[in-house]
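Everything on this sheet refers to the single structure shown next.
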Amino acid sequence: MSAAPHSVAIATTDGMLHFELALAYEVFGSAPDAVPGPWYDARVCGTHPVRVGRFLLEPDHGLDRLAQADTVIVPALADVTDDPPGNLVEAVRTAHASGARVVSLCTGVFVLAAAGLLDGLRATTHWAHTTDLAARYPRVTVDPDVLYVDNGRVLTSAGKAAAMDLCLHLVRRDHGPAIANVVARRLVVPPHRAGGQAQFVSTPVPAQDGHPLTALLPWVMHRLDQPLTVEDLARRANLSSRQLTRHFRSATGTTPLQWLLTQRIRRAQELLEGTDDSIDTIAVAAGMGTATTLRRHFHRTVGVPPDTYRRTFRA
């Protein structure tokens, strides 16, 4: 007698983003040919026909079905300025209490946070919303620099492509890497990006005229291959080291040295993606000096070694 398929309930409400909802249904609702046993039983659940982008979606079941599911997926919400719908929050809370694995894609994390499922846990969302998430739910440890976070029965992802990464991660957990690779090939996406990998967002820099850093930062970007200290930057900007640090924290949210390291890592990423240069050559061009130093900082910052990063983005 074959085992019952793993049930997946995709929770819906008005104002969800169609991309994350559609990719969840595509991954869990379409069985690849290589699966030897039952695939997921994916159902769309909601209280009424919901507006998803420009489309009107008719759910298969009500939100009460979430409590019977093995996995509950909450896709992204378009508007997170208001609290998420109370009936959705309660249904997700009840499903988790009933033993379901609960997963949020992008801003769906606000539903999990409102339900109290993330209290004391690490979580992530699209980098543009991490500050708001941390401010509204201070008991959640928000990590803005990762693709997804797996806490076992509660999982959260960053936006768009990272939502796909998390869905494939779930397939890998449930069916193994071979099946996850089959699904990835069908969808024409990379088969595996580690959850700890950075979201690859640009550090904001001041653009207004007259700001003390406006001329300094382009000057630094043209000299990333050179040894630079805080004193060098302060001297160039005609500031004291303390003044420079204050302006950096105000403009970029980080210290001068951390900002400089981030730019060196991004330069290394560009060279790994766009050239066949050796790791040693890239280390010198990015101002890291040696391949050993580059690998240490790159792995700690990006979450994967330079060689793995190159294979993923050059594939």
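The values are calculated or read from the model by the stated rules, or taken from the named source; none is laboratory data. A quick note: this is a predicted structure, and the numbers were derived from the prediction, not measured. FYI the Cβ positions are ideal-geometry reconstructions off the backbone, even for glycines, and counts take in every protein chain you see.
Some points to look at:
- Out of ARG122, ARG153, ARG93, ARG186, one residue alone is buried (at least 16 other Cβ atoms within 10 Å of the Cβ) and not acidic (Asp, Glu). It is ARG93.
- Wholly enclosed helices (runs of 4 or more DSSP H) of region 153-235 bearing at least 3 residues within 20 Å of the chain's Cα centre (by Cα) and either modelled with pLDDT of 90 or more or farther than 24 Å from ARG267 by Cα (or both): 161-175, 177-187
- Candidate set: region 226-249, residues that are of a type in the set (Val, Ile, Thr) and free of Cβ contacts under 8 Å to residues at least 24 places away in the same chain; chosen: the one nearest to MET288 (Cα to Cα): THR229
- Residue match in region 240-250 (condition: closer than 30 Å to ASP307 by Cα and in the same structural domain as VAL304 (by TED's automatic domain parsing)): no
This table checks each residue for (1) over 25 Å from LEU118 (Cβ atoms); (2) touching a helix residue (DSSP H, G or I) at 6+ places or on another chain (Cβ under 6 Å).
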{"position": "ALA3", "(1), (2)": "yes, no"}
{"position": "SER7", "(1), (2)": "no, no"}
{"position": "ALA34", "(1), (2)": "yes, yes"}
{"position": "TYR40", "(1), (2)": "no, yes"}
{"position": "CYS45", "(1), (2)": "no, yes"}
{"position": "ARG65", "(1), (2)": "no, no"}
{"position": "ALA76", "(1), (2)": "no, yes"}
{"position": "THR81", "(1), (2)": "no, no"}
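- In region 247-283, the residues that are more than 26 Å from ALA237 (Cβ to Cβ) and more than 22 Å from the chain's Cα centre (by Cα): LEU271, GLY274, THR275, ASP276, ASP277, SER278, ILE279, ASP280, THR281, ILE282, ALA283
- Where LEU77 falls short, out of the listed (1) of a type outside the set (D, E, K, R); (2) modelled with pLDDT of 95 or more; (3) buried (at least 16 other Cβ atoms within 10 Å of the Cβ): (2)
- Restricting region 6-45 to residues that are among the β-branched types (Val, Ile, Thr) and farther than 18 Å from HIS61 by Cα, the residue that is nearest to the chain's Cα centre (by Cα): VAL27
- Residues that are of a type in the set (Val, Ile, Thr) number at least 2 in the following helices (runs of 4 or more DSSP H) confined to region 1-120: 86-97, 109-114.
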